[in-house]
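Only one structure is covered here, and it is reproduced in the block below.
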Amino acid sequence: MHRSTVIFLAAGLVAACGDLSDLTTVTLGAPEIPTIEVDRTYQIDQGTFSGCPEGDRTVKDQEGVDRTVHVRDLGSACELSFAEEGVLLFDEEQARQASDKLQGRKIQGVKAVAVSIQDFSLEDETGAPFDIAGKLDGLSVLVDGNALFTLEDIQALANGPVEKQVDGALLDKLVDGVNNGTPVRADVAAALAVKDSALESLPTRLHLKMTLQPKVTVDVVKAASGLGGG
């Protein structure tokens with residue numbers, strides 16, 4: 001369900017060596033970097049979220065596995081956060097494969113990392129679209145707790161993907177993972193601010209789908225003395 005992303009970051013901290021020239025900026029996105037795909041159905045028993053019970057509630061997914069939904073009372077709305085925890089962003093093997101694809105070029109540094117949301121949908125138990133406009137006061141898509149996309153961004157998808165820059169703690173986490181040569185994981189969540197009046201009419205099954213596409217912009221140079229640089 002989840003495919004690794006930002007694998008080209010693995011070469012982002014490669015040390016410069018030898019006489020390097022021809023500095024240029026390269027942007028790596030689709031199809032070089034695969035997407036993060038979320039496709040999950042949550043089974044919601046009647047009354048599960050009645051009264052907006054703050055804290056963690058457990059629901060089943062389509063495979064009968066327990067999933068945690070974090071509930072927060074917003075006053076006029078109840079926020080239900082459906083999280084996919086520990087999504088693998090990249091591992092050591094994928095880092096090596098990314099380096100191979102550079103074909104001898106050395107990455108001098110990561111200039112920017114962005115994530116675009118390609119699609120987002122919510123459906124009820126019949127497969128009909130969930131009434132986002134009528135039942136939600138807000139919506140956020142979060143990566144590691146960072147709200148990257150809003151309800152307005154989701155509505156704008158009718159005109160094409162929406163892109164946001166990634167910085168701060170999330171970017172630091174990726175770079176640290178590269179430096180240490182260790183796998184990096186992140187939590188991806190959709191937080192729905194359900195209107196109080198709609199809590200009793202939630203569907204018995206809520207099917208969530210979304211696709212996120214990372215994009216990495218790097219400075220690269222061609223090694224003057226072959227692939228190894230020296």
Efficiency of FRET between Ala112 and Arg72 - r from beta-carbon atoms, R0 22 angstrom, step 0.05: 0.10
Mind giving me the nanometre distance, one decimal, between the label points for Gln43 and Thr150, set 7 Å out from Cα along Cα→Cβ? 3.7
For the range 109-130 and the range 132-152, what is the separation of their C-alpha centers, rounded to whole Å? 10
Can you sort Thr24, Thr126 from fewest to most other Cβ atoms within 10 Å of each residue's own Cβ? Thr126, Thr24
Calculate, in nm to one decimal, what Glu54 and Lys222 gain on full extension: separation in residues at 0.36 nm each, minus their alpha carbon distance. 55.0 nm
Using only the alpha carbons of the range 112-217, what is the convex hull's orientation-averaged projected area in square nanometres? 7.8
Environment charge at Asp61 (Cβ cut-off 12 Å; Lys +1, Arg +1, Asp -1, Glu -1): 0
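With r as the distance between the Cβ atoms of Glu123 and Asp172 and R0 = 25 Å, compute the FRET efficiency 1/(1 + (r/R0)^6) and round to 0.05. Walk me through the intermediate numbers first.
Values: r = 36 Å, r/R0 = 1.44.
The pair Asp172/Glu123 has a calculated efficiency of 0.10.
Each value in this text was obtained by applying a stated rule to the coordinates, not by laboratory testing. Please read these numbers as outputs of a predicted model, since none were measured by experiment. Note that each Cβ is placed from the backbone with ideal geometry, even for glycine, and that neighbours are counted across all protein chains shown.
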